[in-house]
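Student: Sharing a structure with you now.
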Amino acid sequence: MPVQTLDISPVGRVEGDLDVRVEIEDGVVTNAWTHAELFRGFEVILKGKDPQAGLIVTPRICGICGASHLTCASWALDTAWGTEVPRNAILARNLGQIVESIQSIPRYFYGLFAIDLTHKKYQHSPFYEEASRRFTAFTGKHYELGVTISAKPVEVYALFGGQWPHSSYMVPGGVMCAPTLTDVTRAWAILDYFRRNWLEPVWLGCSLERYEQIQTYDDFMAWIDEKPEHANSDLGFYWRMGLDIGLDTYGVGCGRYVTWGYLPHEDRYQKPTIAGRNSAVIMKSGVYDSFSDSHTLMEHGFARENTTHSWYDEGGADVHPFDRTTNPIPKNDKDFDGSYSWASAVRHQELGRLEAGPLARQLVAGGKHGEGWQHYDGFILDAFKSMGGASIHLRQLARVHEIVKLYREAERCLREFKLSDPWYIKPTEKDGQGWGATEASRGSLCHWVEIEAGKIKNYQVIAPSTWNIGPRDGMGALGPIETALVGTPVVDPTDPVEVGHVARSFDSCLVCTVHAHDAKTGEELARFRTA
């Protein structure tokens with residue numbers, strides 16, 4: 001059969017700036033291009049501004065993970081200015097990011113991914129009728145509950161940050177809040193409500209304590225079969241249906257995974273430096289290379305950006321963000337042999353393209369590298385090996401598995417507050433370079449800032465989607481989603497739901513209406529919603 005080219009625009013839900021082109025031969029994707037269609041320009045906006053402008057501007061980069069950007073912006077200035085950050089402030093920053101991530105997990109699963117389980121392609125699955133009852137957009141019983149309950153955790157954020165989203169309560173030297181015992185008590189009550197009304201009865205079908213006993217993939221499968229409540233929980237039901245419809249059989253990706261690590265420890269990072277961060281975060285940084293089955297630490301100096309296939313006039317060299325100046329090209333055309341995206345191609349200077357996201361975090365969590373006190377969890381790494389590598393299905397499990405450990409860490413933050421201790425230590429502003437990093441729900445996020453003459457000389461952001469949806473790099477290597485798309489089976493080219501599965505498994509959270517066009521004839525093959 002001849003090669004068929006499909007342009008899918010847009011491919012995600014919520015935001016509409018990711019397009020995908022795929023070539024299909026004999027029902028399988030043989031080539032792919034991911035192209036970001038929207039230029040934001042935050043790096044350009046911040047140039048010449050007051051250094052603290054990043055605290056206000058960068059949380060607006062994203063309406064659902066602004067706390068992660070605020071975290072990065074704060075730590076970047078802390079390292080540039082050599083501040084001291086009191087332990088209460090570190091806990092309060094961590095808590096804000098944790099509860100924002102907790103809200104993102106059910107919102108993503110029900111609102112962006114599980115909708116696809118009700119697609120007509122799966123109507124012959126024995127799970128289809130129940131999936132439609134639970135997950136149909138807007139009317140599904142668990143869809144409605146999951147999306148609604150996701151609003152509860154960020155009420156905790158609002159208690160400490162004043163509002164959600166777009167709070168700026170994190171500042172160099174600490175936080176701009178001094179919670180009372182009443183605030184902490186209310187936060188406990190909100191978390192408990194979330195646990196008792198959704199997390200345990202609906203999502204897990206068991207207590208957190210029982211779920212935490214799962215250490216391996218065999219443990220997980222035994223847990224599903226242990227009780228009907230486990231098998232029929234949303235997690236158990238999703239896992240069984242995903243195996244039935246083959247979500248574990250495609251969407252592999254590039255095989256190397258990155259996390260910056262996150263949640264600085266309140267007693268180990270009070271005088272933050274770039275060099276000292278890796279040994280001070282609770283969730284450790286690292287790169288997992290599945291080809292050599294090895295773990296190494298991730299340093300910011302390994303990051304490189306390449307704009308060979310991007311709409312920037314910056315040359316074709318691999319450049320560290322401290323050395324990059326964002327120079328967009330106006331009135332550009334899409335050229336799949338040349339430049340075709342507003343995203344840059346992010347690389348590890350030695351290992352090449354890396355996948356970011358929850359799967360990457362959990363694979364790194366299974367490594368024995370880092371400090372002995374740092375978090376270790378071998379479950380997802382064991383599942384990765386037991387299942388023969390990455391897949392759409394495993395990315396979802398890694399994402400939702402994380403919610404229990406984040407919930408526990410939120411509890412720990414609330415226990416560790418010492419309300420009469422300081423929350424802020426005024427810093428001394430100075431010129432210099434700073435770097436702040438964390439893990440947003442969707443993956444590795446970091447900010448680089450250079451301050452000169454009291455103003456921002458350069459500001460660079462590498463977001464999770466930059467890692468994952470970046471175009472080909474200077475060596476022609478495909479980006480992580482492009483690589484994951486290759487090999488995807490497409491049953492019906494007029495309704496390529498499988499392409500959506502792969503892209504959405506990376507949480508490329510873009511809008512839900514998909515248009516498919518034949519690139520040669522220009523004919524619209526279908527216009528549909530993949531719900």
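Student: For the chain, what is the mean residue ellipticity at 222 nm derived from helices alone (per DSSP H run of n ≥ 4: -39500 (n - 2.57); sum divided by total residues; nearest 500 deg cm²/dmol)?
Tutor: When only DSSP H runs of four or more count, the value is -10000 deg cm²/dmol.
Student: Using the Karplus curve 6.51 cos²θ - 1.76 cosθ + 1.60 with θ = phi - 60°, what ³J(HN,Hα) values do you get for each residue of region 80-89, in whole Hz, with x for Gly and Pro?
Tutor: Running phi through 6.51 cos²θ - 1.76 cosθ + 1.60 with θ = phi - 60° gives 5, 9, x, 6, 10, 10, x, 4, 4, 5 Hz.
Student: What accessible area, in Å² to the nearest ten, does a 1.4 Å probe give for T249?
Tutor: Only protein atoms counted, so the area is about 100 Å².
Student: Just in region 86-193: which chymotrypsin sites (Phe, Trp or Tyr not before Pro) are loop by DSSP and have at most 14 other Cβ atoms within 10 Å?
Tutor: Hits after loop and neighbour filter: F138.
Student: Oh, and also: Using a 7 Å offset from Cα along Cα-Cβ at M387, what residues in region 227-259 end up with backbone N under 13 Å from the label point?
Tutor: Taking a point 7 Å out along Cα→Cβ of M387, the residues of region 227-259 whose backbone N falls under 13 Å are 236, 238-253.
Student: Find the accessible area per residue for region 134-209; the probe is 1.4 Å, ligands and nucleic acids are left out, and the unit is Å².
Tutor: Heavy-atom SASA per residue in region 134-209 reads 41 Å².
Student: Let me ask something else. Obtain the nm distance between the two label points defined at D267 and T428 by a simple spin-label model: each point lies 7 Å from its Cα along the Cα-to-C-beta direction.
Tutor: Taking the simple label geometry, D267 and T428 are separated by 2.9 nm.
Student: How high is the relative contact order of region 44-94, in percent, with contacts defined as C-alpha pairs under 8 Å that are six or more residues apart?
Tutor: Reported as a whole number, the value is 25 percent.
Student: Go through N197, T216, L18 and say which Cα lies farthest out towards the positive end of the charge dipole of the chain; charges sit on Cβ, +1 for Lys and Arg, -1 for Asp and Glu.
Tutor: Final value for the positive-end residue is N197.
Student: For Cα pairs less than 8 Å apart in space and 6+ apart in sequence, what is the mean separation divided by the residue count of region 304-373, i.e. the relative contact order in percent? Let's see the in-between values first.
Tutor: On the way: 75 pairs, mean separation 22.4, N = 70.
RCO, region 304-373: 32 percent.
Student: Can you work out the Karplus-derived ³J(HN,Hα) for every residue in region 354-369? Use 6.51 cos²θ - 1.76 cosθ + 1.60 with θ = phi - 60°, whole Hz, and x for glycine or proline.
Tutor: Each residue of region 354-369 in turn: 10, 8, 10, x, x, 4, 4, 4, 6, 5, 5, 4, x, x, 9, 6 Hz.
Student: If you don't mind, there's one more thing I want to ask. Full-extension gain between D313 and D244, please, as 0.36 nm times their residue separation minus the C-alpha to C-alpha distance.
Tutor: Answer, rounded to one decimal: 20.1 nm.
Student: Counting heavy atoms of the protein chains only and a 1.4 Å probe, report the per residue accessible area for region 281-424 as a whole number of Å².
Tutor: Using a 1.4 Å probe on heavy atoms only, each residue of region 281-424 averages 37 Å².
Student: Once the other residues with Cβ under 11 Å from the Cβ of E229 are scored (Lys, Arg +1; Asp, Glu -1), what is the net sum?
Tutor: 0
Student: List every residue whose amide H lies under 5 Å from the amide H of E299, counting only residues 5 or more places away in sequence or on a different chain, with H placed 1.01 Å from N in the peptide plane.
Tutor: none
Student: Write down the Å³ per residue value for the convex hull defined by the alpha carbon atoms of region 41-122.
Tutor: Each residue corresponds to 113 Å³ of Cα convex hull volume.
Student: I've got another one for you. With a point put 7 Å past each Cα toward its Cβ, work out how far A189 is from L208 in nm, to one decimal.
Tutor: 1.8 nm
Student: Determine the gain in length on full extension of the stretch A231-E416; use 0.36 nm per residue of separation and subtract their C-alpha separation, reporting nm with one decimal. Numbers along the way, then the final one.
Tutor: Numbers: separation 185, 0.36 × 185 = 66.60 nm, distance 3.57 nm.
My answer for the length gained is 63.0 nm.
Student: I'd like the carbon and sulfur percentage of the solvent accessible area for the chain, probe radius 1.4 Å, heavy atoms only, ligands and nucleic acids excluded.
Tutor: On the way: 9660 of 18930 Å².
About 51 percent, which is the carbon plus sulfur part of the accessible surface.
Student: To the nearest Å, what is the center-to-center distance of region 334-368 and region 1-71, using C-alpha atoms only?
Tutor: 13 Å
Student: Per-residue accessible area for V3 at 1.4 Å probe radius, Å² rounded to 10?
Tutor: Its heavy atoms expose roughly 60 Å² to the probe.
Student: Run the reach check for K49 against lysines, Cα to Cα strictly under 30 Å, same-chain hits fewer than 8 apart removed. What comes back?
Tutor: Those lysines meeting the cut-off are K271, K331, K426, K430, K455, K457.
Student: What relative contact order, as a whole-number percentage, does region 219-349 give when Cα pairs under 8 Å and 6 or more residues apart are counted?
Tutor: 17 percent
Student: For D382, tell me the accessible area in Å² from a 1.4 Å probe, rounded to the nearest 10.
Tutor: The value for D382 is about 50 Å².
Student: Among all the lysines, which ones have a C-alpha under 19 Å from K405's C-alpha, if same-chain residues fewer than 8 places away are not counted?
Tutor: K152, K284, K368
Student: Also, quick follow-up: Treating cross-link reach as a plain straight distance, find the aspartates and glutamates whose alpha-carbon is under 20 Å from the alpha-carbon of K141, omitting any fewer than eight places away in the same chain.
Tutor: Excluding near neighbours in sequence, the set is D116, E129, E130, E200, E229, D234.
Student: Considering only protein heavy atoms, with the full assembly of protein chains and a 1.4 angstrom probe, order M298, M176 by accessible area, largest first. Let's see the in-between values first.
Tutor: Values: M298 0, M176 110 Å².
The ordering from most to least exposed comes out as M176, M298.
Student: Please arrange W164, W311 by accessible surface area, largest first, computed with a 1.4 Å probe and ligands excluded.
Tutor: Ranking W164, W311 by accessible area, largest first, yields W164, W311.
The values are calculated or read from the model by the stated rules, or taken from the named source; none is laboratory data. All values reported here derive from a predicted model rather than from experimental measurement. Here the Cβ is made from the backbone with ideal geometry for all residues, glycine too, and neighbour counts use every protein chain on show. Note: accessible area is taken over every heavy atom of the protein model, side chains too, but ligands, DNA and RNA are not part of it. Shrake-Rupley method; radii C 1.70, N 1.55, O 1.52, S 1.80 Å.
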